[in-house]
Structure formats: C-alpha cells, structure tokens
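Nothing in this text is a laboratory measurement; each read-out follows from the coordinates by a stated rule. Everything numeric in this text was worked out from a predicted model, so none of it was measured. As a convention, Cβ positions derive from the backbone with ideal geometry for all residues, glycine included, and neighbour counts pool all protein chains shown.
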Amino acid sequence: MKARKRQPLSERFWSKVEQCGPDQCWPWRAAVNANGYGRLTAGRGVNLKAHRVAYELTEGEIAEGMSVLHKCDNPPCCNPNHLFLGTKKDNTRDMLSKHRGSQPPHSFGEKHHNTKFDEGAARKIIADQRTHRAIAVEYGISWMTVFRLKHGQTWKKLDREVRP
C-alpha cells in the first residue's frame with residue numbers, strides 16, 4: 001500500500017483560514033474546541049490550537065510557559081496582527097480589564113448567602129470562652145465554623161476590633 005503524502009502543516013493551516021483585511025479578524029474555518037478556538041491535528045493524537053500555530057508560523061517559537069493572547073478577543077481569529085504573547089496572569093488581567101469572563105460579586109459577613117448569624121452574634125462567639133462544640137450547639141452551627149470565626153478565617157473585618 002502506498003503511503004499518503006501529507007501536505008505541509010503551513011499549507012494545510014492557511015487553507016483553513018479566511019484571510020480578510022490586515023486589521024480584520026481572520027477566522028478559522030475548520031474544527032473548533034468547546035471554547036471556540038480553532039483546532040487542527042498534526043499527526044496521531046496531536047491537537048494544536050489554530051491561533052498558536054498562526055503565531056508560530058509568522059513570529060516563531062513560543063517560549064515555555066507563554067500563552068498566545070488575542071487583542072480582538074475572538075477565539076477563532078488567526079490574524080497574526082491580533083495575536084501577542086503573554087503569561088496566564090497577563091491573560092487574566094486582559095480579561096478583567098475588558099470586563100470579560102464571569103466574576104461573581106463577593107458578599108461578606110451578614111450579606112453572605114450562607115451566613116448563620118449577624119455581626120453581633122459573631123462578636124459574642126469570638127468573646128465566648130466555652131468550647132467550640134458548646135458554642136456550636138447553642139448557635140446551631142458546626143464547631144468548625146466557630147473555629148474559623150475565632151481564628152480569623154471568617155468575619156475578617158472583626159479582626160482588629162474584637163480578637164485578642
């Protein structure tokens with residue numbers, strides 16, 4: 001049986017990219033992963049992300065630990081002008097600065113949805129000298145909740161005011 005001659009990676013890659021104007025996104029027109037990033041295979045079981053391949057073909061090797069980020073925030077985009085290198089931390093900063101991703105609002109103290117007591121009760125628990133278990137029974141909470149409160153792991157705003 002005659003071995004099939006494979007097309008070079010660069011030819012296969014660019015044939016699946018819709019190259020529009022230099023400032024426009026160049027969408028990947030083949031398989032995508034669950035997050036919408038272009039995906040292609042290079043040999044058995046080797047999956048590559050299309051935007052990373054675009055960067056390597058135009059800019060060179062990607063250093064260990066670096067990510068290829070999108071200026072356009074468009075996952076299937078393979079336009080080298082829209083891609084830049086950064087760390088995972090850079091990627092998170094970029095996401096937050098552009099108000100992307102989900103950031104649930106954090107509630108603390110009495111406003112937290114799981115709170116079992118108010119600030120007054122928290123102060124009393126911190127000052128209470130009984131065992132954690134005895135306090136827990138009285139307030140209907142676990143002894144670990146009492147422990148965390150007394151050791152400043154919860155209700156942290158009370159740290160300087162109440163805790164010894």
Please list, in chain and number order, the residues 5+ apart from Leu85 or on another chain whose amide H is under 5 Å from its amide H, with Hs placed from the backbone.
Leu69
What is the sum of charges around Pro27, taking Lys and Arg as +1, Asp and Glu as -1, for the other residues whose C-beta is under 11 Å from the C-beta of Pro27?
+1
Option label - volume of the Cα convex hull per residue in Å³ computed here, alternatives (1) 212; (2) 115; (3) 226
(1)
Percentage relative contact order, region 28-71, counting C-alpha pairs under 8 Å, at least six apart
22 percent
From the C-alpha gyration tensor of region 10-59, pull out the three semi-axes of the equivalent ellipsoid (sqrt of 5λ each), sorted largest to smallest, in whole Å.
18, 13, 10
Starting from the 7 Å offset along Cα-to-Cβ, what nm value, one decimal, do you get for the label separation of Arg133 and Leu158?
2.3 nm
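Pairs of Cα atoms under 8 Å, at least six residues apart: use those to get the relative contact order of the chain, whole percent.
In percent, rounded to a whole number, it is 14.
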Could you compute the longest span of the chain free of GluC sites (Glu not before Pro) located in DSSP loops and having at most 14 other Cβ atoms within 10 Å, not counting the site residues?
65-164
Rounded to one decimal in nm, the spacing of the 7 Å Cα→Cβ label points at Ala121 and Thr58 is 5.9 nm
Restricting to Cα pairs below 8 Å that are 6+ residues apart, what does the relative contact order work out to for region 9-97? Please round to a whole percent.
27 percent
Computed over region 9-97, Cα set: Rg, Dmax in Å:
12.6, 39
Can you pull out the cysteines in the chain that have no other Cys Cβ under 4.7 Å?
Cys20, Cys72, Cys78
Ignoring trypsin sites (Lys or Arg not before Pro) that are buried or in helix or strand per DSSP, and keeping those with at most 14 other beta carbon atoms within 10 Å, what is the longest stretch of the chain between them?
131-164
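Rounded to the nearest 500, what is the 222 nm mean residue ellipticity of the chain from helices alone, with -39500 (n - 2.57) per DSSP H run of 4+ residues and division by all residues?
Details: 7 runs with 55 residues, N = 164.
Using -39500 (n - 2.57) per qualifying helix, the result is -9000 deg cm²/dmol.
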Are any of the pairs Lys49/Lys98; Lys16/Lys89; Lys88/Lys124; Lys98/Lys156; Lys89/Lys156 more than 32 Å apart by Cα-Cα distance, and if so, which?
Lys88/Lys124
